[in-house]
Each structure stands twice: as C-alpha cells, then as structure tokens.
1. Do we have A:Phe55 as touching a Pro at 6+ places or on another chain (Cβ under 9 Å), touching a residue at least 60 places away in the same chain (Cβ under 8 Å), of a type in the set (A, V, I, L, M, F, W, C) and surrounded by fewer than 24 Cβ atoms within 10 Å (Cβ to Cβ) here?
2. State whether one or more residues within segment B:136-145 are farther than 23 Å from B:Ser65 by Cβ and among the charged types (D, E, K, R).
3. When you look at A:Val265, is it touching a Leu at 6+ places or on another chain (Cβ under 6 Å) and either within 11 Å of chain C (Cβ to nearest Cβ) or under 30 Å from A:Arg119 (Cα atoms) (or both), yes or no?
4. Restrict the check to segment C:312-320 and report whether at least one residue is among the aliphatic types (A, V, I, L, M) and either assigned by TED's automatic domain parsing to the domain that holds C:Lys243 or farther than 22 Å from C:Glu237 by Cβ (or both).
5. Before we move on, is A:Asp227 within 11 Å of chain C (Cβ to nearest Cβ), within 30 Å of C:Glu46 (Cα to Cα) and modelled with pLDDT under 85?
6. With the checklist (1) more than 14 Å from chain C (Cβ to nearest Cβ); (2) touching a helix residue (DSSP H, G or I) at 6+ places or on another chain (Cβ under 6 Å) in hand, flag the one item A:Phe272 doesn't pass.
7. For segment A:69-87, what are the residues that are modelled with pLDDT under 90 and touching a Pro at 6+ places or on another chain (Cβ under 8 Å)?
8. Restricting to segment C:136-161, and then to whatever is in contact with a His (Cβ under 7 Å, 6 or more places away or on another chain) and not in a loop (DSSP other than H, G, I, E, B), can you tell me which residue is nearest to C:Pro355 (Cα to Cα)?
Amino acid sequence: MSELLTGLLQESISGIALGCIYALIALGFTLIYKATEVVNFAQGEIMMVGAYVNFFFVTQFSGMAGGLNGWVFLAALFCSIIFAVFFGIILDYIINRPLKDEPVFSIIMATISLAIILRSLTAMIAGPISLVPISPFGDSTIQAGGIVISVLDLAIIISAIILMGLFFFFFNNTRWGIAMKATSEDSEAAQLMGIPVKQVYRMVWVFAAIVGIISGVLLAPRMALLDTTMSYLGLKAFPAAILGGFGSIPGAVVGGVILGIIETVSMGTLSFHFAWIKEINDIIVWIVLIAVLMIRPDGLFGIAKVKRV
Amino acid sequence: MKGRYQDENLKWIPILIIAIYLFPFLIKNATFSYKYYLYILNMAGIYIILTVGLDLLSGFTGLMSLGHAAFLAIGAYTSAILVDQVGLPFELSLIITPLIVGIFGFLIGFPALRIKGMYLGLTTMGFGFIVKRLIIALREWTGGSAGLQVSKASFFGISIKNDWDNYFLIYTFVILAVIIARRIVQSKLGRAFMAIRDSEQAAQASGIHLAKYKMIAFFISGMFAGFAGVLFAHTSHFISTDHFDISLSIFFIVMVLVGGIGSIYGAVLGTLFIVLMENMFIPLFKDGLSQYMHIEAGEFQVFIFGLIMLLFIIFQPQGLYGMWLKMRIYWKLFPFNPRKRFT
Amino acid sequence: MKRIVSIIILSTLFWTGCENREGSPGITDTEILIGNIQDLSGPIKELGLLIPAGSNMYLDYINEQGGVHGRQIKMLVEDHQYNPQKSVVAAKKLIEKDQVFCLYNVVGTSPAEALRPILEESGVPLIAPATMSSSMADMSRQAAQYIFHTDAGYDLQTRVLIDYILENNPDAVIGLCYQDDDYGANALQGCAEAESNHSISVQKEAFQRGATDFVGQTMNFMKGGCTDVIIGGIVREPVTIMKTAQAMNYKPNFYGLIPTVDPRVGLLAGEVGEGFIAPYHAYYPDSDESGPTLYRELCDKNNVPAKMRGIYHYYGFATAHVLVEGLRRAGKFPTRERLIKGLETLNNWESGVFPPITYSRNDHTGVESLYLLQLQGGKQIAITDWRD
C-alpha cells in the first residue's frame, strides 16, 4: 500500500512540474484572450523562440565569460526577457494593429500563419540539427522520503507560482491592470473613458511574449534535445487553458496542474493496474476536459458572459 | 425558382460546369505532367466538399469546429471497412458512410448545445484526438498506426483507376455538393442557421429551436465530411492516422476563412487557393527560383506559405470572396467609383 | 499588382510543362535523375538534412570517378513534412513533372507506404526506403516488387535483443518502452514473436511521439521489477528514461533499437548511459571495413562537420551504395525494368557498408542480421558477432 502511495506521490510531483509548463503556456493564451478575445495559436511557437533565443545568449555569454556559471544564465535570462519585450511589441504591430477592427476569426488566422512563419524562420536560422540545451541546475535532484524531484522541476513550479501571483496582483490591484480589465469588457467604452486601448493591447502582447519566452527557457533543459517540434506543446496546453476557463489566470495554472497530474498518473500507476488505460493515455486529458465542459461550459474558473441582444 | 439566385447571374453556372469537365482535356494537351496537376486538383476537390460542409457549420451557424479532419477520417475508414471487409459495393458506401459520419456529427452536436465559441472549437479539437486514438485502438479493422490499404472504386460498372477517372468522379460530387449547399443556405434551414449565428437569443425568441438546428447543422456538416472521406479513401488507396493530423483540421478552418467566412463560393475559392498555393505554386516558384540561386526545398516553402497567408489576412481580411465582390462592384461603378471604399 | 502576380504564376505553370525528354524517363546521355522524398520541415527534419547529405557525398564520389556507365547521378530532394498526403504529392511531382528515373530513400513508414499505389501505376522502383519497418519488405503487399528494402526491421531488432537478454540471464524480466505509432507497432510485432518463442511475457509501456516526461513509464518498469528495459525511441527518450531511472535509484540494463545508436545518446546521458546496448545493421562508421574507411576519408575530404557525422549521415552514404550498384547492373541502357532485374541479381553482394545482401524475385529484404553495440566510455563498441 505504501508503495502505491509513494508511487502516486512521485507521479503527482512530476505531474505538477509538467502541469506548470502547461500552465505557463496557458497563461500566455489567457492573457491575450482576456484582453482581446483572440486565441493565440502561436503561443507554443513564442515559447520555442524563447528557448532558441535563450540558448543563443547562453552560448554567447559563456563564450565571453569563458565558462558556464550562474551569472551567465541570469544574464541570458535577462537578455531573453528584453528580447521578449521587443518581440511582443513587434507581434502587436504585425498581428493586432492591422486587424484591430476585423472579426476575431481573422486575428486567429493571423496567429496561425504567424505560428507557421515563426516555426520555419527559426528552423531556417538555427538549422535543422537539434541543439543540446544546457540546464542551469545540471542533473541535480532533491530527495525527500523516497520521492525525487529535480531542481529544474522545482524551479519551474516556483516560477509558475510567482508569475501567476504577479499577474493576479497586476490585474486586480494596479491602474494598468484595471485598465486591461476594462478594455476586455468593452474596448470602445474603455477608449471613451480615456484608457489608451492601443497601449493596453501592446502591453498584453508584451506580457504574453514574456510568459512564453520564460516558459521556453524553463522547458528547454527539460527536453534532452531542442528542436522546433517543441512548439507542438502549445497544442497540449490548450486543454489546460480551457479547463481552467479561458481568461482566468488562476484557472490557467490550476487547469495546467490538474492535467499534468492526470497525464502522469494515468501513464504510471493507472496504466500499471488497468492495462486498457494504455490505449487512451494521450486522450485521457481531452476526455476529462470534455466531461468538465459538459458540466461547466465555461471551465472551472470561467464566468459565463451574459450576452445582450 | 428565379427568386432564389437573385444576386447572381445564373447563365454562368452551366458554362462553369462545362469548363470544369473540359479542364482536364486542356491540361492534358498543355503539359505532359498533367497527372501531377490532376492529383492536386483532386485533392482540392475532396477538401472542397468538406470545407463547404464546414462552412455551413462554422460560417453559417457560427459553430466553430477544429475537428473536421476527424470526420474525414471516420468517413475514410468507415468506407474502407464497409467496402473491403464487409463487402458492400462502393455506390452503397457512398450513401451509408455519410449517414454514419452524420450520426457522429450528431453526437458531437450534444456538447455544442452547451459549449460555445472557442470552447467548442477546442472541444471538437479534442474529438479529433480521440478519434485518432480510437482508430489506432481498433487495429483489427483499421490496421492501427500502420495504415490501411483501400481498394479502387468502381462506380456503376465503371472502374475508377487513375487520377483521370478520379477527377471526373470527384468533381461530379463537388458540383453536387456546392449546389446542395447553396440550396440549403437559401432555404428555411439556412436562414435558421444564420439567425443562430447572428444571435442565439434573437433566434430563439423568433421561434427557432436552437438544439434542433444546431444538431442538424452538425449532422449535415458531418455528412459532407463523410462524403469527402469516402472519396478520399478510394482515390488515395492508402489511409493512415498521419493523414488526418490536427493541423489538417486547422487548415480546413483556414481554407474557409481565406475564402471568406459565410459564403459557399468563398469556401470553394479558399480551398482551391490554399491547396494549389501550398502544393503547386510554391514548389514551382521554388523550382524556378532555384535555377538562379541555391534554395533547399522545405522550410523556405513553408515560410513563403506562411508569409502569403499572413499578408493576405492583413490586407484582405474579408477573404477571397469578399475581394471578388469588391472587384465586381468596382467594375460595375467603374468610372464613378469612390476611391476610398475599395482600398 | 494582382494581375502581374497571376501572370507570373500562370506562366510558370505553362513554362514548366513545355520541355519534354526522349527515351526512358530520367535518363539522358550524361545524367541519371533520382528522386528523394525527405522530411525537410516536419518533426524529423534533422534526418532530412543528414540522410541526403550522406547520399550526396557518395554520389559525388561516384560522379567524380566518371559516374555510372558514363552518366552522372543527380538527386532531387522533395519535402513531405512526415505527411503521407504530401509524400504522394511530392512523388507525383518527381515522377510526372521532373521525370525521375527511380525513387530512393523515402523517409518514414506511412509516407513510404502511401506511395504503393503510385509505384504500381507508374512502375517506378523505390530503392532503400528510409524506414526500418519490415512491412516495406513484405512481398504480399501491393507494389512489393518495386520496393527494395535494405534495413533490418524493428521486429528483427527487438527479437534479437530479447534473445540476447535471455541468453545472458534466463531469469530476466524484460520491459519494452515503445513509441505509439508505426515504429512501435513494428517493434511490438517482433516482441510478440519473441514472447511466443521463449514463452515469456514482456511488460510493455507506450509513449507518444514528442513526449518529454517518462516518470510514469519508468515507475511502472520499476514496479514490474524489470531487470532489462528496451527503449524504442530516438535520442530524447533513452536519455530521459535513463536519467529518470538513475534519479529513482532504479538500475536495470538498458537497451535501444537502431535509431538510438546516435552519438548524442552517449554524449547526453554521460555516465548514466554507460553499458547501453543497441543493435546495428551495417558496419559501424568507426570500424575498419572498406565502407567505413571510405566514409571517413570522404568526410574529411568534404569537411563534414563533426555534428553531422553519425548514423543518419552514414545511413544515406550506405544506402547510396545499393542505389549505385542497382544502376550499374541496369546496364548501359537502363530502364526501370532493367533496374529491378539488376537489383534482383544481387547475390551475397558485399558492399563494404552492409553485410552481404541478397535480393531475388521473391525476396526484397536487404540486411537480415544484426550485431550489438555497447556504450563504453562514451564510444560504441561491438560486443557480439552478426546474429539473426
């Protein structure tokens, strides 16, 4: 019995780490959806760009510093975030500005084409050969009572919590955050009230880019090899965003974590005891999602919008 | 009868249909590699049948579907099993399979009664993953992930052997599908769909049974996809789960959007545009360019494709059909066109 | 602007269709045109760079020596993004428009399988499809007479590994971690054969293509008490599984299939990967046979960067031998039928890269034996003789 329990605990902890990755990507979806009602299909690609850019900075700085140390990674992270700011502004100019008054469908399509462009452009610049990402924490692990967790996973969990806290605070307690809320409610009314809607949109894209790039930086060392297929994880984060309720920040994190745990436990303990689970391992997440949506059509944390006729 | 097509010039339609049937003879004379072009046109034709159905669902009823590749897959596998393993004739499968896929559409319609907007889009996307997994799990019939070989079709005694025969088979059904879709759109059913898209509450208030019409929309859309699936299986002769990737579903929506959402002709144009662009024009463009400089196939082609799509959506957000309408108005008002309206 | 664009597009369409060639397609007095379909922008685009680069290296070497019967070999590479539909489009383009003589090295099982109807219709041979699934060599399938498979199948690899494990430890509890697609399906076939041969039962765990997390699978092997685990992945999977197991203090013997014979497995896994065993079906690029020696010479001559050298680059180099030999045997006036006939005359043919290959009318399986390599000190060392 205790073996079963340790197994479950171990899988849950790994699942939480995996779920936090989903949560970080879902956070990116959520931010943009919250302000503009656009589902950004390029979030996975933004994450991939982040991983590549960070890899570039790490190799550059370690060349300059003559070796790898903590400062190299910090400096690379800092530069990646600065890159993310510019990246977000550019995305706003390319995707959001020209299509501001068009139907949401058009912007979604623009994000799909953006995803294609980013993926091919990254592959053209970086070359098709996979890179070997370097983890700032090496392979070090922490053991506690028979349960193992890698330091990297711990860092992922902590940063997901910190980012969620920051954004939650930002949206509820700062002027800009409230302006964003107002914009997402009704952008025309917000404009009339003197809120600089354009800047708000730009800020949202910048935030989404920052979250995307940080998730890329954190995820890259978790995969042994870095290639452009990493962007497909963006699709896996969709259920996380929906489960929590698109547009809810705690929802994104909770949704991500729930799905991460379900995925790992179903692959581990569940499929060990029930062989048929193996057949549905990769869709169990979607089954849970559809079941939840049947009961709560707006996700766990979503609020049903009242539509006026 | 005349009142139905008030906005268009009916006399062009028979000419267009004749042109469709004459087209293969034209390219057979023009180029020796006509089979390559015909194959791509056939592929576009199959996708047109599907996207027309998808347009009825997403464009006219406003129900987003990101799982239409799954309907295509169900259609293809069902027909392959019915014809090759059960032994039904192809003609019968053409009737039964769309009905079965329609029933699947009906089942997906249930969540749609509660789930809306992007939530529905992503639910249908989940449905796509589930179907793919089911196909692999039912490996006794479907061959699992190794794929399934499908026999050639024979249509009322005429055996459909190659791309040439496929063209006539497929485009006959494309014409049928477009005509049927046009009739649906202009009937009471179509108006009910549009009312639901524009405002569910208003539609309900004016006596439209939401649940019933949404289910019908899914059923019809599923039937179109099932039709496309039958043709897909028996003209490509090999189907596997890799054919019906999630990206294909996204591409179907893109085709509808590029054409201009909410117009049947738009779906046709959009599908032709995307399929020809991706599989024919860009590779040929690359071949032409690589005579002057060194270009590898692959990423460059994908990049150009993405770029064209992005520029297109930024400069023509109403899609191809919207572009065509604008051009038509432009020529009608030619000497007196107010410049600003037509940029 | 719109008009100009459409005129350009239409003119390319017609201009490309205007040239015509005489005689057998793809053969001129000075040139043989070969079509290759690779994944250049999909999930395994790395192979799309490495495999044709390896092939081109050998073909260039042959061309420098005067080519085959005085004809230079030219290879066209198309992209299929690991999508069978696009693979068919690319094949149609190569066969109908570019008029290639034969197809060579189509990567991936389903993209290669999807070509069967075309091969049958147009009579174009497909030499050395770059997929190790043994279904390509199944003579009962459609168009099988046009396909010449070179590799030892995943089923054979799995069987040989299980035989080896049981030889060394008859009480071994074996686990198989397979990719849940056509790759894994073929490995499962071999596993089922071995299970019935030895009347054992293998614990099987699946993972999805592109998965990054293997905690569940590793835990299950641990709970099942597996002493030997076979990992049917590429690079990421064996490395991550071995590291995960290490962190959990679970130390079985690890084995992989041919795609895991990648130098990066040793590089990334470091000490954890020590003792990792995988089969291989050609003379290893580091060995002293004639093929590998030539390979290293050509690599040095062409300044192939170290990160490109490896089994995939070598794979392109090796399979090109079969292609060139087939073209040689097709004679001075090659046709597609003569190419097929020529390849079917191969009898215990020593290429220098593969063990002796025999093709006949009813046998298009290439290599049917394997040997095992073990990671020792970051290097792959052969530990057994050829086995089948």
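The values are calculated or read from the model by the stated rules, or taken from the named source; none is laboratory data. As the structure is a computational prediction, the values presented were derived from the model and not from experiment. Glycine gets a Cβ as well: all are built from the backbone with ideal geometry, and neighbour counts include every protein chain shown.
1. For A:Phe55, the condition - touching a Pro at 6+ places or on another chain (Cβ under 9 Å), touching a residue at least 60 places away in the same chain (Cβ under 8 Å), of a type in the set (A, V, I, L, M, F, W, C) and surrounded by fewer than 24 Cβ atoms within 10 Å (Cβ to Cβ) - is met.
2. yes
3. In short, no.
4. Checked segment C:312-320: at least one residue is among the aliphatic types (A, V, I, L, M) and either assigned by TED's automatic domain parsing to the domain that holds C:Lys243 or farther than 22 Å from C:Glu237 by Cβ (or both).
5. no
6. Exception for A:Phe272: condition (1).
7. Selection gives A:Gly70 alone.
8. Here the answer is C:Phe148.
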